[in-house]
Every structure is written in structure tokens, then in C-alpha cells.
Amino acid sequence: MFAFLLQSVASTFDRPAIDLHALAPEFVLTGALVVVLLVDLFTPKGSRGIVPSVAGIGILAAMVPVLTLALDGADRSMFGGAYVVDNFSLVLQAMFLLAAYVVVLLSTNYVAEGDYAEGEYYFLLLCALLGMLVMASSRDLITMFVALELLSIPAYMLAGWRKRDRRGNEAGVKYYLMGVFASAVMLYGMSLLYGISGSTLFSDIALAVARGNGLGDTTPLITLGVVFVLIGFAFKVSAVPFHTWAPDTYEGAPTPVTAFLAVSSKAAGFVALLQLILIAFIGRDDVVGPLMWVLAALTMTVGNLIALRQTNIVRMLAYSGVAQAGFMLAPLAVVGSNSDGARSAVVTYLLIYAAMNLGAFAVVLIVARKTRSAEIASWGGLFEYAPGLTVLMTVFLFSLAGIPPLGGWLAKFVVFRALLSPDLTAGGVILAVVVGVNSVIALYYYANVARQMWMNPVPDGDRTPVRIPFSLAAAVTLSVVLTVAFGVSDLATHLGDLATFLPA
Amino acid sequence: MDNNEFLTEWGLTLMVFLPLAGALLLMVIPKAQEQMIKVAALGAALASGAVGVAVLANFNYDSSEKLQFVVNRNWIEAIHANYIVGIDGLSVPLIALTLLITPLVMVYSWNHFPQPHNPQAFLILMLVLATGMLGTFVAQDLILFFVFFEVVLLPMYFMIGVWGGEQRQYASIKFFLYTLFGSALMIVSFLALFFVAGGDSFSMVDLAQGVADRNAAGNLAMITQVLIFGGMFMGFGIKVPMFPFHTWLPDAHTQAPTAGSVILAAVLLKLGTYGFIRVALFILPEAAVKWAPYIGALAVIGIIYGALGCLAQTDMKRLIAFSSVAHMGFVMLGIASLTTFGLNAAVFGMVAHGLITGMLFFLAGSVKDRFHTLEIKRLGGLLLQAPKLGWILGFCIMASLGLPGLAGFWGEFPAILSAYNPAPALSQELFRTYMVIAAFGTVLAAGYLLWLFQRTAFGTPSEEFADVEIEDVRVSEWIAWVPLLALILVLGVFPNIIFHVTDPFLTVMGNTFAGLK
């Protein structure tokens, strides 16, 4: 009897083949986050600086298998296609790792000097990072949802890390409530899609979404499912009108966490959107295209107009991040006619955006160490006592504004290119003009900060030079080199073109 | 590698990037070493100038309609942008102008940098500007052109915003926003053009060929071409600036420090008119025919409006700024005629305006330096207090109003004349009307310029300055001004120096328009 049962189980259950090489980045990172906790446990209180080093080394170590996988070049697919390693996942994983490394550099002094739990901070940061790595490889609704929660839940806690600060609490709670609500909407959409296709795999869903399941007219249900899932991620990338959490959360969270949310977490949302739209929903570009068109136009315009009025630099960067998300959504509006171009444009934009935005946050952190303020007015006369820092911030700001030859212009350029090719369509051209006009509006608030730094007097007359800790200097250097290199070489566009999906 | 080969391969690149290298060098020199900073900056400008002179000396003037010194390298492959540089008869005069102006401005500023001083930052910006301007004139790839076209924005923004007059912050951001608005629409146009013309190259020659092929095959909608031209019109028209996009100019010019005003007037405005000819007209001739009547209309409105604006000014520098609007109107009228004759006049007009208005801004700067005001009614009797300065002002004003024998004449008069016989596809009646209006504009020009001269130079010094010792022309001023004054005279007497260079290329272009109906 038992023997028979065992036999039948053994014959029907094949252990899925696990490709250890393919999963190595995730394994290394998991190891690193365990080590981080242990190190924190066994080092005496007060010996700060060890944990961030371990976290940083762990991230760089996880980069090694990403590189070997890239050199190896073979596409790998596991668990029936639910988890893959392809060019897309590798490029994005490398970006997530590098961005997280910069965030660790940004956090080192901030966390060590404030009264914060150090070990847990880096533990959560690495957990979220792990979620992002998984996100880039997931080709299945369940895997994607697990990845999303793995990156979101630590982020909720990190956002409220300044627990004795009322704004910090507001940041955490608001982000949490909005995030959970978005997850619920998304799950509902996912359940509809599963109900129609009978599978959670993107490749199966793509078939069902394109053709229905043969049981009557399922088009309205599919439409509803697609829209709900996309709206769930629209929260994540802070697209208008689902952006309301972003400014309060960004302002209340510790600044390095804000940088992490504004860059990595947003990028993870875009990674998910790309995979869903380009693989699972590609048959319904009649729904996706117009939805993205409206979201993009609204997001960039509203984000920009509100950013104009901000007096706090972190809030300004938050709203500018909303506007930038609009620029990144724009190529998805033409996904029906130019899916390759849209993918390449969004990936390129993400890479460049990560470099320049992290750089801007790094300078904000450095300057805040002296001025103890995030008001833009406190940046007055920075050029007089910190000319180098001023030039760096100017580079980041005008790169965000899209002025050649700094990286941001190329990001905008690939968006324009995606919108206008291969044929000129009215929708594409009008959205391109909207992007163009918005770039000009955006210049005003970026230039406003530059104006403060270069042309205004020092507000309190305090001209003591700014001391730059080593880790922050490293973060700024890395960012500025990449920002400029992306603008004058084909590095970013090349990676954007390279990041193709494994054919289903 | 023999010398010539080296020059062909690297000449233009060196000329463009030597100033940028100089700027990087300046960054590492300690701030206290002011003398060294100035020498290094001037050295970089002169080195770029020397390479430029070598290139221009080896330029084959007998076939100046062909692109020469062409270098074509891969750049951003993923977007099909290449590093293509090269020069022909159209770029040569403007490159020469830029190479001349940059060191002269540095010499002029040598011992009196505007507040808040800081020659290091000021000179770095100036060198970056030089790279941007030279790059625009040599770029033969639209993306490269666009990048250089935009590179000039940042240094000029800071130059006005940091070293400018009282309203500097307002003026600088206005300048930046206006120009960027044009550029944003322009880049959309460039991309649309790229896809329309086949989508495999941004080289201007290839694009023009692609558009011509599709026009020959008759499968390119005119409305598409007209709209693409419209985007470029916004980009270049704001830069020129054409009425009604000119409002940034009086503010920017008036608030900019002298060096900034001179560069702005002498070279930066030409980026717009040069772009019109090099990019818009060259690639989209058929759309240009459709747009020409409107460009012509805006040009003559600019001429009259600029002149009336001048008559209403109370500030010398603002008056000169408005006169730029009028003068660029003549240049645009020449371009709008779409004839070889008109285009030649336009290019000559660019150079002449660069020399003359550049000089006028130098003079305004020197007057401000001495009297600490530019309010016309407080000035007077300059010829008594500083006769040399006064006569130089007189000379430049004569040149500016288009006195025959001086450079200004050859830009203005042929431009008006060209409107008498525009390209065959254009309405003769309309352009002859433009001609009459433009001719009336020259009368107004004589009016406001002579009135300016009379009020500032004639008579006796006002009570306020009667007892003030006014220094006449300084050595650094002589060095900066003599080349410009000499050129105004020489080009006035021998205009063929420029016409000879520009004519072959523009004849080819003019023939294209003559063939369109």
C-alpha cells in the first residue's frame, strides 16, 4: 500500500531542476543578509561602521555571479518558466545592486550618526534588494507578487525608521496603507486573470489575454484584470493620480531611504510594468496604450506643476521624481507599435535616472550635514564655500532637466525616439510634444536650486567649508562619473538595447 | 603621419575641444593664481585659434561648396548618432568670427572682471562656450549639432545670472526657458525627420538625401514636412530671435556682463540663423518654400518693431539690444527670399552684425565702466571727455546703420534687394511689399542710431560728470577693438572676401530653390 503510494508519488513528482548558477546572486545576497544580522549581534555596541561594510561587500559579492552569468550569456529558465535569467533580468539586477550599493554608501554616516538600529536597517535594506532581484527574473504572477511584497514590506519599515519623529511616522503609515491598498487592487486583478487563463505564468496569460479562453466573451473581464494589475503598479511608481503618498513619505523618511524609494523601488515598479505589459498583456495594447498615455501625460504634468511650488528640496525631488516617472511611462503608450523601442527606452531611462537622482540625493545629504536644513533657501551661496559640491549638484540638476551633454538628455531622447518611431502617429507626436513642454517646465525648478547655489548670498553668513565623509564622496563620484558617461557615450543606450526578454 | 593628414584628421576636433581642455586645466589651477589662470585661458583660446587658422589656411576655397576636413566616427551607435564634423563655405566665416571673438573678449576682460570677480569660473564658462559655439558650426550630424547647440546654454545662463546686472536672475532664467522651449520642440522635429528620412542616419547630408528621395517618389506628405520644419522654426527662431520670440533678448543682453553681451550678440544669435540655413533649409527645401512667406513677414515685423523699440529706449545697452532684433530681421529676410543672393546677404549680415554689434556692446561696457550708468539722458559730450572712445562709437554707429563702405551695408542692402526677386515659388508681390517695409526700417535705423550718437557723444557733458576725469581708450581695449574695427572697414571695402567663400555653397542651395515651383 505505502509502497504503491510512494511509487506513484515518485513517478509523478519530479524535483524541478535547480540551476544553482542562475540563482547564485539571490543566494549570495541571502547569505549576506544573514551575515549582517549575525555581525550586528556579535559586535559590541558602539563599534559602528562594520555592518555597513559587510552589507556593501555582500552587495558587491552578489554582483559577481551576475557578471559571470552575463559572460556566460546563456538564457536560463526554471520552474516551468516562472523564473528566468535573461539579458533583461541581468541588466536590471546589475542596476539594482549598484544602486543599492550607493544607497549603503549614503546610509553609512546617516545611520551611524543618528540614533538608529544599525543592523536591522541594513538587514531590511538587503531584504528589499533581494525582492528587487527576484522581481527582475519573475515571469509568473505569484513570483512577482512575492517579489513585490519582499521589497515593499521592508521599505514600509524603513520609511518609518525615524520613529520619534512625527513626520517619520506619517511617512511609514501612509506608505504602508497606500501600498497595501495597491496590493489588494492588484491581487484582485491577478485573480481575474488567473480565472480566465487558468495559469499564473505570463506566457499562458498572454495567450488567454490575446484570444480569450473560448468560454464566451471574456474581453471585459480581461480588460478589468489588466487595468487593475497595472494600477497596482502605478501606485508603486507614483504615477498620478496614485502619487499622493510619495511626497509625504519622501519627506518623512530618512533621506537615504528616500533615495532608495525614489530610485530602486520605483525602478522595481517599472521592471514589473515592463514584464507585464510586454509579455503578459502584449495582446491588449488597445487597453494598455491609452491607459499609459493618460497616466504618462497626467503624471509628468501634475508632478511638474506641483514641483514648481516646493520650497523643501526633498519634496521638490519627490515631485520631480513623479514627473520623471511620467517621462518613463510615456514610451509604454506606444507599446503596440513599438514594443522593442519602448522596452529599450524605459531601461535606458531607468539606468540614467538612477545615476543622476542618487547623485542629487547624495549632495542633498552632504549639504544637510552642514546646514541642518532641507529648505532650498538654505542652499544660498553654496558656490562661495563649496564650489566643487556646487558644480556637482549643478551637473545632477541639469542632467535631470535634460540638458546635453549630461546623461538626462539621452534619457529624454530615447523617450522621444520611442514615441516617434517607426511611424509618426498622432498619439505619439502629441505625447512627444507634451514631454517637450514638460521638460521646459521642469527646468524652472531645477534651475531654481542652481540659482540659489550660484547667485544668492549665504543666508546665515556661515561660510565654514563642508566636510565630506569618505562614503558620501565615493557615492557622489560614482554617480557623477556615470551621469556624464551616460550622456556622452552609448553605454546606457547600449544596455537598454541589450536588455531583451527571453522569448517565451 | 604627415602634417596635412594630421590636420585633416584632427584639425577640427582639436579646434573644438582645445577650449574645453583649457577649461578642465583651469579647474585644477588654484584660485589664488589669477595671473596664471588668465594666461592659461587665453592660451587655450589662442591654441584653438591657431589650429583653426591652420585649418582655414588649408581649406580648399576653390571647392568651398564641398564639405572638407570631414571626420566620421561612431559615437552613440544605439541611436545612430555619429561624430561627423566637417566645414564648407557656409561654416568658414562663422568659425573665423568665433575664433576671433573669444580671445578678444578675454583680453578686454583682463583687468576688470565684473563683480563678483572670480576670473577662474568666468573664464571656464567662456571656454566651454567656445567649445559649444565652434562645435555647432562644424557638426554635420544632427544629434551632435543639437548637443553643441545646447552646450552653450549653461555657461551663458551662469554668466548672466552670476555676473550680470541687477535683474540678472530674472534675465538668466528667461533666457534659459525660452531657448530650452525651442530646443525641446526642435529635438522632436529632428527625430521625426530621422524616421521620415529612412531611420538609419542622423547625418545632415543623408537626411537631406532621404527627404529628397521621398519627395521625388512623391510619398512624403507635405503636412509632415511643414510640421517638422515648424519644430525647427521654434528652435532656431527663438535663438535668432525672431519676433514674437524676441522678448528674452533685451533682458539677457542688458543684464549680461559686457563679455557675455558681446559673445551673445556676436556668435550666439548666429547659431539660430546658421541653423536655419544649415539644417532647416538644407534638409527640408520644400517645406521651406511653404514657410518662407511667414518667415519673411516675421522678419519685417522684427525690423520695424525692433526699430520702434529702439526709439523708446532710455538705456544705451537696451537700445543696442533692440537694434539686434531689427538687424537679425534683415538676416532672416535674406534667408526667407530663398535665393542665392539673399542667402549670401544673410551670411554676410551675420558676420557684419557679429562684428558691429559686438563692438557696440564693448563700447557700452566701457561707457558703463567710466560713467557707471548707461542712461542716455545722463550721458553726453563723450567726444569732449574721451574723444577716441567717442569717435569709435561714431564709427560703429555708422557701420551699424549700414553706411556704404563699412561692413553693415553688405548685410543689409543686398538682403533688402533680394526680396525684390525672391525664389520663383514665392509670391513676388508679397516679397516686394516686404522689401518696401524693410527699406523703411533702414530709415528708422538711421534715426535711432544717430539719435543715440547725438545724445551721448555730442554736446557738453552733463553737470553730473562735468568735473569727472574720464579715461580714454585703454591699452586692453585697443587690443580687443582694433581687429574688429579693421575688419568692419576691410569687409566694407572688400566684401568679396566673404562672398567668395560663401557663394559656391549657397549657389547650390539657391539652385535647389530655383528648381522648386
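Since every read-out is calculated from the coordinates, none of them should be taken as a lab result. Remember, predicted model here, so these are calculated numbers, not experimental data. Every residue, glycine as well, gets a Cβ built from its backbone with ideal geometry; the counts of neighbours run over all protein chains shown.
The angle between the Cα long axis of helix B:340-371 and the main principal axis of chain B comes to about 20°, on a 0 to 90 degree scale.
Database remark: amide H of residue A:83 closer than 5 angstrom to the amide H of A:78, A:139 (H placed geometrically; neighbours at sequence offset of 5 or more, or on other chains; Pro and chain starts carry no H). Region B:388-446 and region A:345-406 have Cα centres lying 48 Å from one another.
Out of region B:1-79, which trypsin sites (Lys or Arg not before Pro) are coil in DSSP terms and have no more than 16 other C-beta atoms within 10 Å? Answer in residue order: B:31, B:66. Extension gain for residue B:222 to residue B:455 (0.36 nm times residue separation, less C-alpha to C-alpha distance): 78.7 nm.
Okay, helix-only estimate at 222 nm for chain B: each DSSP H run of n ≥ 4 adds -39500 (n - 2.57), divide by all residues, round to 500 deg cm²/dmol; what do you get?
Details: 21 runs with 372 residues, N = 517.
So the calculated ellipticity at 222 nm is -24500 deg cm²/dmol.
Charging the Cβ of each Asp and Glu at -1 and of each Lys and Arg at +1, and nothing else, the dipole of the protein assembly as shown about its Cα centre rounds to 1540 debye.
Provide the gained length on full extension for the span residue B:427 to residue B:213, in nm with one decimal, where the gain is 0.36 nm per separating residue minus the Cα-Cα distance. The partial results should precede the final answer.
Working: separation 214, 0.36 × 214 = 77.04 nm, distance 2.65 nm.
Answer, rounded to one decimal: 74.4 nm.
Sorting the segments A:194-206, B:134-146 by their mean number of nearby beta carbons within 10 angstrom, highest to lowest, gives B:134-146, A:194-206. So the label point goes 7 Å from the Cα of residue B:464 along Cα→C-beta, right? Which residues of region B:244-274 then have their backbone N under 12 Å from it? Zone members listed by number: none at all.
What is the Rg over Rh value, at two decimals, for region A:19-498, using alpha-carbon atoms and the Kirkwood definition of Rh?
Values: Rg = 21.5 Å, Rh = 22.4 Å.
When Rh is taken as the Kirkwood radius, the ratio is 0.96.
Extension gain for the segment residue B:308 to residue B:420, taken as residue separation times 0.36 nm less the Cα-Cα distance, is 37.9 nm to one decimal.
Working note: 222 nm ellipticity from helices only, DSSP H runs with n ≥ 4, each -39,500 (n - 2.57), summed and divided by the residues of chain A, gives -25000 deg cm²/dmol to the nearest 500. Within region A:114-147, find all residues whose amide N lies under 17 Å from a label point positioned 7 Å from the Cα of residue A:163 along Cα-to-beta-carbon. Correct set: A:114-125. Dipole orientation for chain A: of the candidates A:312, A:17, A:141, A:312 has the Cα lying most toward the positive pole (charges on Cβ; Lys, Arg +1; Asp, Glu -1).
Using square roots of five times the C-alpha gyration tensor eigenvalues, list the equivalent-ellipsoid semi-axes of chain B in whole Å, biggest first. Don't skip to the answer; put the middle values down first.
Values: eigenvalues 250, 155, 80 Å².
Here the semi-axes work out to 35, 28, 20 Å.
With r as the distance between the Cβ atoms of residue A:116 and residue A:375 and R0 = 22 Å, compute the FRET efficiency 1/(1 + (r/R0)^6) and round to 0.05. Calculated transfer efficiency: 0.40.
With all projection directions averaged, the alpha carbon convex hull of region B:355-498 covers 9.8 nm².
Cut-off is 10 Å between beta-carbons; in what order do B:239, B:368 appear when sorted fewest neighbours first? Please report the intermediate quantities before stating the final value.
On the way: B:239 28, B:368 17.
Sorted ascending by nearby Cβ count, the order is B:368, B:239.
Our note on the geometry: Cα centres of region A:408-422 and region A:239-313, 18 Å apart.
Computed from backbone phi with θ = phi - 60° and the Karplus coefficients 6.51, -1.76 and 1.60, the 3J(HN,Hα) list for region B:38-55 is 5, 5, 4, 5, 5, x, 5, 5, 5, 4, 4, x, 5, 4, x, 5, 4, 5 Hz; x is used for glycine and proline. Modelled label positions at residue A:456 and residue B:36, each set 7 Å beyond Cα in the direction of Cβ, lie 3.5 nm from each other.
Phi angles across region B:214-225 convert, under the Karplus curve 6.51 cos²θ - 1.76 cosθ + 1.60 with θ = phi - 60°, into 3J(HN,Hα) values of 5, 5, 5, 6, x, 10, 10, 5, 4, 5, 4, 4 Hz, Gly and Pro given as x. According to the Kirkwood relation over distinct C-alpha pairs, the hydrodynamic radius of region A:330-434 is 15.3 Å.
Per residue of A:400-407, other chain Cβ atoms within 10 Å of the residue Cβ number 5 on average. Between amide H atoms placed 1.01 Å from N, distances below 5 Å from residue B:68 occur with B:87, B:88, all of them 5 or more places distant or on a separate chain.
Long hydrophobic helices in chain A: the complete DSSP H runs spanning 30 Å or more by Cα along their own axis with mean Kyte-Doolittle hydropathy of at least 0.5 are A:20-42, A:50-72, A:87-113, A:166-197, A:285-307, A:339-371, A:426-455. Bridge orientation summary for region B:2-514: considering DSSP beta bridges with both residues in this region, about 100 percent are antiparallel.
Normalised by the number of residues in region A:32-170, the average gap of Cα pairs under 8 Å and 6 or more apart makes the relative contact order 26 percent. Label separation (residue B:294 vs residue B:50): 5.0 nm, computed from points 7 Å beyond Cα along the C-beta direction. Alpha carbon centre of region A:140-215 versus region B:74-117: separation in Å? About 53 Å separates the Cα centre of region A:140-215 from the one of region B:74-117.
The percentage of C-alpha pairs in the protein assembly as shown whose separation is greater than 40 Å is 47%. FRET efficiency for the pair residue A:79 and residue A:433, taken as 1/(1 + (r/R0)^6) with r the Cβ-Cβ distance and R0 = 51 Å, rounds to 0.70. Remark: mean inter-chain Cβ contacts per residue of A:440-453 equal 4, using a 10 Å Cβ-Cβ cutoff to other protein chain atoms. The relative contact order of region A:19-498 comes to 14 percent, based on Cα pairs under 8 Å that sit 6 or more residues apart. Extending 7 Å from Cα along the Cβ direction at residue A:384 and again at residue A:337 yields two label points whose distance is 5.4 nm. What's the longest bit of chain A with no exposed trypsin sites (Lys or Arg not before Pro), using DSSP loop states and at most 15 other Cβ atoms within 10 Å as the test? It works out to A:165-308.
The mean sequence separation of alpha-carbon pairs under 8 Å and at least six residues apart, normalised by the residue count of chain B, gives a relative contact order of 15 percent. Projected onto its three principal axes, the C-alpha set of region B:398-464 covers 59, 22, 13 Å, listed from the longest axis down.
Note on residue B:29/residue A:181: beta-carbon distance plugged into 1/(1 + (r/R0)^6) with R0 of 51 Å gives a FRET efficiency of 0.35.
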